[in-house]
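The values are calculated or read from the model by the stated rules, or taken from the named source; none is laboratory data. Because the structure is predicted, anything quoted here is derived from the model rather than measured. Using ideal geometry, Cβ is built from the backbone for each residue, glycine included, and neighbour counts are taken over all protein chains shown. In case anyone asks, the SASA skips ligands and DNA or RNA and just uses the protein heavy atoms, side chains included. Shrake-Rupley method; radii C 1.70, N 1.55, O 1.52, S 1.80 Å.
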Amino acid sequence: MSALQDEIEQLWTQYNDGEVGADSAGEDEYATLEAFLDALEAGEIRAAEKRTDAWEANEWVKQGILLNFGLRSIGQYEHGGVTYNDVLPLADTSGYGDRSSRNTPDGTVVRQGAHVGSNCILMSPAFVNIGAYVGDGTLVDSCDTVGSCAQIGENVKLGANTLIGGVLEPVENAPVIVEDDVSLGAGCRVTSGFVVGENSVVGENTLLTPRIPVYDLVEDEVLYGELPADRRAFTRFVESSISGHDLFDGGAYKPAVVATDLETETLEATEREEVLRE
């Protein structure tokens, strides 16, 4: 992908210098953008990758995504009998069945430039944005959103009404990461580049964001922006620094996340029915 990276980085420089725009881009520029989108959908390039035990953004990939907005004009497209207006069409999902992935109708939307792996299930309504990566065997349940550039691992379960936030700008910031074999309960929110460690189980309606502390009872430490691997996590409330204010009768509290050891019973409770894969 070094040649494609070189082309994107050069085009990014030209775009920022005002040498090319949506009104002046030609066949060569669009050929580069199309090759870039194809590579994203194939999973050949990703907005972030794990290097030396830490996730890092691939800045040039995020630049390529931004170029697909900056160098294109709004067009009209048809989907489900509705005319919609966007700079890109939706992804061609006709090949999903060939890799044993399913996307149910009436509301399951995958934007061009998103990768959906093999043996995945996307339940309607659900939305997967450009640059997102959904690993093999993952379930995206009803009313879920997988934001731009979010990286979802293999065999992940995103419970119904789960929001995985997008992080597109600044390009150097890593997006939300949900590692392999994670189970997120219904109504969870993961935002602002938070990293959910592999094999963790997160209780329903838990908010995971770098601004909310994670009290890791396994290592006796307070973390921000990450949930370690092999944890059971859930929301609790801790006393706020303004608890003593006269307006707060009985004290003021703020949300926190508590992380404990993962028990066998918890793992068994989150196992998916194998019949879904048959």
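Taking first residues from region 150-164 that are under 10 Å from Tyr133 (Cα atoms) and modelled with pLDDT of 95 or more and partners that are open to solvent by 40 Å² or more (accessible area, probe 1.4 Å) and basic (Lys, Arg), the Cβ contacts under 8 Å between residues at least 6 apart in sequence or on separate chains come to Gln151/Arg46. Of all the criteria given as (1) in contact with a helix residue (DSSP H, G or I) (Cβ under 6 Å, 6 or more places away or on another chain); (2) more than 21 Å from Cys143 (Cα to Cα), the one not satisfied by Ser200 is (1). Residues in region 178-228 that are of a type in the set (A, V, I, L, M, F, W, C), part of a loop (DSSP other than H, G, I, E, B) and under 20 Å from Val134 (Cβ atoms): Val182, Ala186, Cys188, Phe194. Tyr133 meets the conditions (1) buried (at least 24 other Cβ atoms within 10 Å of the Cβ); (2) out of contact with any His (no Cβ under 7 Å at 6 or more places or on another chain); (3) closer than 19 Å to Ala47 by Cα in every case but one. The failed one is (2).
Out of everything in region 71-122 that is more than 27 Å from Lys157 (Cα to Cα) and among the acidic types (Asp, Glu), what residue ends up being modelled with the lowest pLDDT? So, considering only residues that are more than 27 Å from Lys157 (Cα to Cα) and among the acidic types (Asp, Glu), the one modelled with the lowest pLDDT is Glu78.
Taken together, the criteria exclude Asn173 from residues that are without any contact (Cβ under 8 Å) to a residue 60 or more places away in the chain and either not charged (D, E, K, R) or not in a strand (DSSP E or B) (or both). Can you find a residue in region 166-175 that is farther than 28 Å from Gly70 by Cβ, touching a Leu at 6+ places or on another chain (Cβ under 9 Å) and open to solvent by less than 20 Å² (accessible area, probe 1.4 Å)? The answer is no, given that none of the residues of region 166-175 is farther than 28 Å from Gly70 by Cβ, touching a Leu at 6+ places or on another chain (Cβ under 9 Å) and open to solvent by less than 20 Å² (accessible area, probe 1.4 Å).
Of all residues in region 1-22, none that is farther than 15 Å from Phe69 by Cα and of a type in the set (Gly, Ala, Ser) has its Cβ atom under 7 Å from the Cβ atom of a residue that is assigned to a helix (DSSP H, G or I) and at pLDDT 95 or above, 6 or more apart or on another chain. Quick check on region 160-172. Is at least one of its residues within 11 Å of the chain's Cα centre (by Cα) and charged (D, E, K, R)? No, region 160-172 contains no residue that is within 11 Å of the chain's Cα centre (by Cα) and charged (D, E, K, R).
Going through Pro89, Pro105 one at a time, which residue ends up being under 22 Å from Asp141 (Cα atoms) and touching a residue at least 12 places away in the same chain (Cβ under 8 Å)? Every option except Pro105 fails the conditions. Among the residues making up region 44-69, those that are within 20 Å of Asp136 (Cβ to Cβ), open to solvent by 10 Å² or more (accessible area, probe 1.4 Å) and within 14 Å of the chain's Cα centre (by Cα) are Arg46, Glu49, Trp55. The set of residues in region 136-165 that are over 16 Å from Phe194 (Cβ atoms) and open to solvent by 10 Å² or more (accessible area, probe 1.4 Å) comprises Asp136, Leu139, Asp141, Ser142, Cys143, Glu154, Asn155, Lys157, Ala160, Asn161. Return yes when Glu56 is of a type in the set (D, E, K, R) and touching a His at 6+ places or on another chain (Cβ under 8 Å) and no when it is not. Taking the combined requirement at face value, the residue does not satisfy it.
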